[in-house]
Amino acid sequence: MSAVFPTVREVLALDPVRHGAPRVVAGDDGLDRPVRWVHVAEVPDIATLLGGGELVLTTGIGLPGDDAGLRAFIGDLADVGVSGLVVELGRRYVSGVPRVMAAAAERRGLPLVELRRATPFVRITEAVHALIVDAQLTELRATEEIHQRFNDLSVEGADAAEVIRQAAELSGCPVVLENLSRQVLGYDPAGESAELLLDGWEQHSRRIRPAGRTAYDPDSGWLVTTVGARGQDWGRLLLRWPASGDVPSARAVEPAAGSPTRLTILIERAASTLALGRLIRRDAEGLERQIHRTLLTALLDHSRPVDEVGLRAKALGVVLDRRHLVGVMVRHRADDPAGEVGPEAGQARLRDLSEAVGQALREAKLTALTSAVDDNSVGALLALPDPAAEDRALSAFAGALRRVRLDAGAARATIVAAGSGVSTLREARRSLVEARQIAEAARRDRRDLPIFRLPHVGLAGLLHLLRDEPRLQTFVERELGALLEYDARHPRERLLDTLRAYLEQGRNKSAGAAAAHLSRPAFYERLARIARILDVDLDSVEASLSLHVALLALEAVRAP
């Protein structure tokens, strides 16, 4: 029940109730129950007309006169879920409610309150209902504020960090954004310790298993919603809200803190804003470069027909039809190569790199679509007269880029990657994506090569560059999810390390046991347990290969 309703304790503090000199005689532990409505009743079978959450007021004149009847009356109220029972003394009961009634209420945890002074019930009902209506209006205004806040963030194209910060500020609760492999993409501790919040996050997150796309997990105290757009989920947004519903006042930021309904709306709106922001990229470049970027992006995400891309590129003087096309990506090895921080520094680096790529293309006399394609990379689609010109053109471009970037350190810190050449514009996306993947993988390669091509990238590198791909993360979860969840529940056993030792030693159990520093019987027993958990035959070459690839992918996903 939503915390928008006042509690029994708050009702007892109202002036009309305090006028009746209230005294709690049973059920103290239930005084924080919310009161959905106030109902006046003088008949013993009133429970059949109630729906739960009501505070029942009575003078007791119609209640049973026998002990069994009073116990049944209290039991019926408790079963239906009323918030409490208030009895005015004087008409039926003079000095106090019957002991049997108080004992039954205490046993069922039902708050039982005596009013020792006559009080018009209508004043109580008016005061409580006014409080409820006012709280509901506050709830409505808070909900409108949430919608307005996240609408503004969507329009402004706010980044994920800002969306998470706003969610934490509105809720007064810690907020974490993670990908499908339970790796943290962003967080705001809402004034708490970030170290404590994120310590052992992956294992902790795997224990949070709510039922539904948006749901609350009472065991862990996290409200969770799935983040995704266009039918592709890519993460989860989590908000920690204590199971009791009591958000510490030091962190509570009205109007959002403390209401499950409000927090559900908030986390879902934040997730929608994050999903939308992932689809939108603001661009402050000149008109021509914007068109270049629009066309390159269209090739990468299929947002425009290929024929339209070719026609618009031709209008820019970049002929792509009947050409040999090669995708190229240029990026820094590190996202923050100069130790700079802040979005302005990142944009300046990207702008300098984009200008350097454009100048290198002009010096090498190459025709290409070129633009920044993300926050760290500049892409180019080279249009060459024939396949024989590919190696010569790439070498000329790499050399010109090094000359443009006169600082040798800057040149070594820059990666140039090229995809496989293709003969039609419809195949251009494959070359661009391949170049992007190679550039990402090459960040972990210490060789100073002028051009990185596909043969330079091994399986581990390929998986590393695909680590943000939801389908790869889904593959890891499908192959290893059960084992990861088992390790999360039994961290001392570390069965994942046992599986890794077995596979890295070529499925040689003796060598695997030695690598894992385990006796062979203990190692064999762990392998048998792994096989049961994953429901696989570890002697199968195909099954073991799939698991080994999943392990490599998991390491890539976990890599910074």
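Quick one: would you say Gly212 is open to solvent by less than 80 Å² (accessible area, probe 1.4 Å), more than 16 Å from Pro242 (Cβ to Cβ) and either part of a loop (DSSP other than H, G, I, E, B) or touching a Ser or Thr at 6+ places or on another chain (Cβ under 6 Å) (or both)?
Criteria met by Gly212.
Which count do you get for residues in region 458-490 that are open to solvent by 50 Å² or more (accessible area, probe 1.4 Å), more than 28 Å from Val227 (Cα to Cα) and assigned to a loop (DSSP other than H, G, I, E, B)?
Selection size over region 458-490: 1.
Go through region 145-160 and report how many residues are over 19 Å from the mean Cα position of the chain (by Cα) and small (Gly, Ala, Ser).
Matching residues across region 145-160 total 0.
Please specify each residue of region 19-42 satisfying the condition of being open to solvent by 30 Å² or more (accessible area, probe 1.4 Å), over 42 Å from the mean Cα position of the chain (by Cα) and not basic (Lys, Arg).
His19, Pro22, Val24, Val25, His39, Val40, Glu42
Mind listing whichever residues of region 491-513 are assigned to a loop (DSSP other than H, G, I, E, B) and either touching a residue at least 12 places away in the same chain (Cβ under 8 Å) or closer than 23 Å to Gly200 by Cβ (or both)? Step through it out loud before you land on a result.
To start, the set of residues in region 491-513 that are assigned to a loop (DSSP other than H, G, I, E, B) comprises 491-494, 505-508.
Passing the criteria: Pro491, Arg492, Glu493, Arg494, Arg507.
Are any of the residues in region 448-460 in contact (Cβ under 8 Å) with a residue 24 or more places away in the chain, farther than 30 Å from Ser205 by Cβ and among the charged types (D, E, K, R)?
Within region 448-460, one or more residues are in contact (Cβ under 8 Å) with a residue 24 or more places away in the chain, farther than 30 Å from Ser205 by Cβ and among the charged types (D, E, K, R).
Take region 239-267 and flag every residue that is modelled with pLDDT of 80 or more and surrounded by fewer than 19 Cβ atoms within 10 Å (Cβ to Cβ).
Matches in region 239-267: Thr264 only.
Between residues in region 301-323 that are at positive phi and residues that are open to solvent by 80 Å² or more (accessible area, probe 1.4 Å) and assigned to a helix (DSSP H, G or I), which pairs lie under 8 Å by C-beta distance while being six or more apart or on different chains?
From region 301-323, the pairs are His302/Arg429.
I need the helices (runs of 4 or more DSSP H) fully contained in region 365-457, keeping only those with at least 1 residues that are aromatic (Phe, Trp, Tyr) and under 19 Å from His324 (Cα atoms).
390-404
For region 215-238: of the residues being over 15 Å from Leu263 (Cα atoms) and touching a Phe, Trp or Tyr at 6+ places or on another chain (Cβ under 9 Å), which is least open to solvent (accessible area, probe 1.4 Å)?
Among those residues, the one meeting the criterion is Val227.
Quick one: what pairs do we get from region 105-117, first residue closer than 9 Å to Leu85 by Cα and of a type in the set (A, V, I, L, M), second part of a loop (DSSP other than H, G, I, E, B) and modelled with pLDDT of 95 or more, C-beta under 7 Å, 6+ apart or different chains?
Here the result reads none, with nothing in region 105-117 linked to a residue that is part of a loop (DSSP other than H, G, I, E, B) and modelled with pLDDT of 95 or more.
Return the residues of region 132-174 that are touching a helix residue (DSSP H, G or I) at 6+ places or on another chain (Cβ under 9 Å), modelled with pLDDT of 80 or more, open to solvent by less than 60 Å² (accessible area, probe 1.4 Å) and outside any loop (DSSP other than H, G, I, E, B); say none if nothing qualifies.
Once the filter is applied, which keeps residues that are touching a helix residue (DSSP H, G or I) at 6+ places or on another chain (Cβ under 9 Å), modelled with pLDDT of 80 or more, open to solvent by less than 60 Å² (accessible area, probe 1.4 Å) and outside any loop (DSSP other than H, G, I, E, B), region 132-174 yields Ile146, Arg149, Phe150, Leu153, Ala160, Glu162, Val163, Ile164, Gln166, Ala167, Leu170, Ser171.
Filter region 292-308 down to residues that are open to solvent by 40 Å² or more (accessible area, probe 1.4 Å) and either touching a Phe, Trp or Tyr at 6+ places or on another chain (Cβ under 9 Å) or in a helix (DSSP H, G or I) (or both) and give me whichever is nearest to Asp321 (Cα to Cα).
Filtering first and then ranking leaves Asp307.
Any chance region 271-286 includes a residue that's open to solvent by 40 Å² or more (accessible area, probe 1.4 Å) and at pLDDT 85 or above?
Of region 271-286, the ones open to solvent by 40 Å² or more (accessible area, probe 1.4 Å) are 272, 276, 278-286.
If we keep only those that are at pLDDT 85 or above as well, we get 272.
Yes, region 271-286 contains at least one residue that is open to solvent by 40 Å² or more (accessible area, probe 1.4 Å) and at pLDDT 85 or above.
Mind counting the residues in region 94-125 that are farther than 9 Å from Gly27 by Cα, surrounded by 14 or more Cβ atoms within 10 Å (Cβ to Cβ) and of a type in the set (Lys, Arg)?
Final tally of qualifying residues: 2.
Report yes if some residue within region 43-65 is surrounded by fewer than 22 Cβ atoms within 10 Å (Cβ to Cβ), under 47 Å from the mean Cα position of the chain (by Cα) and charged (D, E, K, R); otherwise report no.
Checked against the condition, which is being surrounded by fewer than 22 Cβ atoms within 10 Å (Cβ to Cβ), under 47 Å from the mean Cα position of the chain (by Cα) and charged (D, E, K, R), region 43-65 yields no hits at all.
Of the conditions (1) at pLDDT below 85; (2) under 22 Å from Arg453 (Cβ atoms), Leu316 clears all except one; give me its number.
(2)
In region 188-207, what count of residues is obtained for those that are over 22 Å from Glu485 (Cβ atoms) and not in a loop (DSSP other than H, G, I, E, B)? Step through it out loud before you land on a result.
From region 188-207, those over 22 Å from Glu485 (Cβ atoms) are 188-196; that's our starting set.
Subset that is not in a loop (DSSP other than H, G, I, E, B): 188, 194-196.
Residues that pass the stated criteria total 4.
Could you identify the single residue in Leu353, Leu406 that is surrounded by fewer than 19 Cβ atoms within 10 Å (Cβ to Cβ) and either modelled with pLDDT under 90 or basic (Lys, Arg) (or both)?
Checking each option against the conditions leaves just Leu406.
Output the qualifying pairs, or none if there are none: Cβ atoms under 6 angstrom, residues six or more apart or on different chains, first residue in region 135-161 and within 14 Å of Leu276 (Cβ to Cβ), second residue of a type outside the set (S, T, N, Q).
Short answer, once both residue conditions are applied: Phe150/Arg269; Leu153/Val163; Ser154/Leu276; Gly157/Ile280; Gly157/Arg282; Ala160/Gly186; Ala160/Leu274.
Name the residues in region 363-372 that are surrounded by fewer than 21 Cβ atoms within 10 Å (Cβ to Cβ) and either within 33 Å of the chain's Cα centre (by Cα) or not aliphatic (A, V, I, L, M) (or both), would you?
Pass one, region 363-372, residues surrounded by fewer than 21 Cβ atoms within 10 Å (Cβ to Cβ): 363-365, 367.
The answer is Glu363, Lys365, Thr367.
The values are calculated or read from the model by the stated rules, or taken from the named source; none is laboratory data. Not measured: the values here are computed from a predicted model. Positions of Cβ are generated from backbone atoms using ideal geometry, with glycine treated the same way; all protein chains shown enter the neighbour counts. Note: accessible area is taken over every heavy atom of the protein model, side chains too, but ligands, DNA and RNA are not part of it. Shrake-Rupley method; radii C 1.70, N 1.55, O 1.52, S 1.80 Å.
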